[in-house]
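Inspection log for the structure reproduced underneath, given as structure tokens.
What follows draws every value from the coordinates through simple rules; no lab data is involved. Here the structure is a predicted model, which is why all the values come from computation and not from measurement.
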Ligand SMILES: CC(=O)SCCNC(=O)CCNC(=O)[C@H](O)C(C)(C)COP(=O)(O)OP(=O)(O)OC[C@H]1O[C@@H](n2cnc3c(N)ncnc32)[C@H](O)[C@@H]1OP(=O)(O)O
Ligand SMILES: O=C([O-])CC(=O)C(=O)O
């Protein structure tokens, strides 16, 4: 056994998975062997979630069944319903989601089973429920009404409609759907690892997802997309390059750049950059897109760092009319499909995850009674 830890577990292979694979040098990402470039824009989020949770891209019949399961899963239980107003008053969006998913676990009809069948049904329910929770939370805190989910509409179309209160264009839906596909899974990222550690104690799916949501929230992980937008909003469009250089000179991290695994462009950023440009131009004011491009150039010139998935996702969501503090919740709407698939995979071939630690504290301490310390 190594007696020195690898800080942050960098390069440690912590699990085996058949769900996703990254080639960090070539900048490639695969879900169950399918290149993300083949999936994004051509495969719906529902098909992608089926691929992850059930192991294959669905046939038309399988997609109809899975779609119907998702539609049924959009109903919230009484405990969740009755607590939304108070939670919306007292908790920020990611905290609220953590609480609401925990509450929904109490109402899940299969909460006490970790069987593969029960896990797959719970995965569908959680995937269906997450966008509804975000929309209902947002409506409660703004005092607005929320449109009922339309059973004829996709996850992407329903979500945009519920959050913005208007019917999105077909192109907006297609772009948002591709965003959901791009964020669905990503090997042993921090939130997925947290979910697997929890699941590996033979705890239940909802507990593992609560751990994952709490982990995604942080700005070094999913929380970065919100911080990217806040950075852009705080910059003078004419002074982007100097402001970024100043931040770097002061030792600040620029949110949305760098990655533990990619040593080149994150393949998801390639799609998101294009979508940000398209939506920015279509909006008639592409200032935030152009500022992002300039930031990208300066960060690369100064630090050799590439944008990660969170960087251009920020302006895409902004142009789609999603409030900035819901960007990370949107990430969770997509990643729910991957997290739940990882819990299914962990339970199917389980061993407790319990690494070792290096002790760096005092030794041979002499005990003394409390009055003599
Ligand atoms: C969905 C996601 O989770 S994608 C990642 C989202 N997070 C962010 O965008 C936050 C900003 N980025 C970061 O903090 C990091 O790049 C991480 C957390 C993504 C990866 O972290 P690590 O692999 O541990 O890299 P680490 O933080 O050690 O960085 C290595 C070096 O690059 C620098 N660096 C890394 N990212 C950045 C950044 N965004 N801005 C400036 N410098 C950076 C570090 O300061 C460090 O420099 P040093 O060696 O001179 O000390
Ligand atoms: O893989 C990571 O460390 C972070 C990331 O990009 C993701 O979770 O999508």
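Points to keep in mind about this one:
- Debye log10 I(q)/I(0) for region 1-121, one point scatterer per Cα, at q = 0.16, 0.22 Å⁻¹: -1.07, -1.18
- Take the Cα radius of gyration of region 332-373 and divide it by 2.2 N^0.38 Å, N being the number of residues; the result is 2.39.
- Rounded to the nearest 500, the helix-only mean residue ellipticity at 222 nm of the chain stands at -18500 deg cm²/dmol, with each DSSP H run of n ≥ 4 adding -39,500 (n - 2.57).
- Gyration tensor verdict on region 224-319 (Cα atoms; rounded if a/c is under 1.5, prolate if a/b is larger than b/c, oblate otherwise): oblate
- Both radii come from the Cα set of the chain: Rg as radius of gyration, Rh as Kirkwood radius; their ratio Rg/Rh reads 0.99.
- Legend: P(r) of region 150-295 from all alpha carbon pair distances, 10 Å bins from 0, whole percents, reading 9, 29, 35, 21, 5, 0.
- In terms of its C-alpha gyration tensor, region 90-213 comes out prolate, because a/c is 1.5 or above and the ratio a/b outweighs b/c.
- Principal semi-axes of the equivalent ellipsoid, √(5λ) from the alpha carbon gyration tensor of region 278-359, are 36, 21, 10 Å from largest down.
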